[in-house]
């Protein structure tokens, strides 16, 4: 498995291209801008992009979906609860304040425990609500793509519509910190660093060490 991290868009989203090196099939996670750069990388690598996955539906993480789908024909993937939540007109109007292009509707909905496969690479969907109702992480040991659920030294904000602090902390405690401590955490933004580990976050993340 080859992982390419790119910081894209005006909000510094960490976009990932995950590739099966044997078959040259790939998944793009959080297409949050700089679509030409992302597509140029895929072309240089000779990739067939199979999926465009949003770890959640906030516009800064999905604003590149339309352009990349048009160029690759890949399926847009979102958790079912975020598809319903962000399909609400009032929610769409609220987040339009960010001034970012909307994503087309998802082509494939996922739920907790589903698996997305490209070649020999399989990514397990872990539903981690709290930042949004349908936020997800993607896990392929020893790698975890944590979206805006968990950052290096931080956690996702919960003050937007659909956010829930209690659910977020439960998601992290019950579904992320139970993974092996050597698990590499690839966050949705690099606020505290471009990557971390589950063990480091359990030990030193100030949002997690002060009690639940």
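Please find, among 73, 33, 12, 46, the residue that is out of contact with any helix residue (DSSP H, G or I) (no Cβ under 7 Å at 6 or more places or on another chain) and within 17 Å of residue 109 (Cα to Cα).
Residue meeting the stated conditions: 73.
Check 165, 197, 158, 132 and return the single one that is in contact (Cβ under 8 Å) with a residue 12 or more places away in the chain and either crowded, with 19+ Cβ neighbours inside 10 Å or closer than 15 Å to residue 81 by Cβ (or both).
The unique qualifying residue is 132.
In segment 99-129, how many are within 17 Å of residue 62 (Cα to Cα), surrounded by 13 or more Cβ atoms within 10 Å (Cβ to Cβ) and out of contact with any strand residue (DSSP E or B) (no Cβ under 7 Å at 6 or more places or on another chain)?
Count: 3.
Since every read-out is calculated from the coordinates, none of them should be taken as a lab result. These figures come from a predicted structure and were not determined experimentally. When we count neighbours, we look across all protein chains shown, and the Cβ atoms used for this are built from the backbone with ideal geometry, even at glycine.
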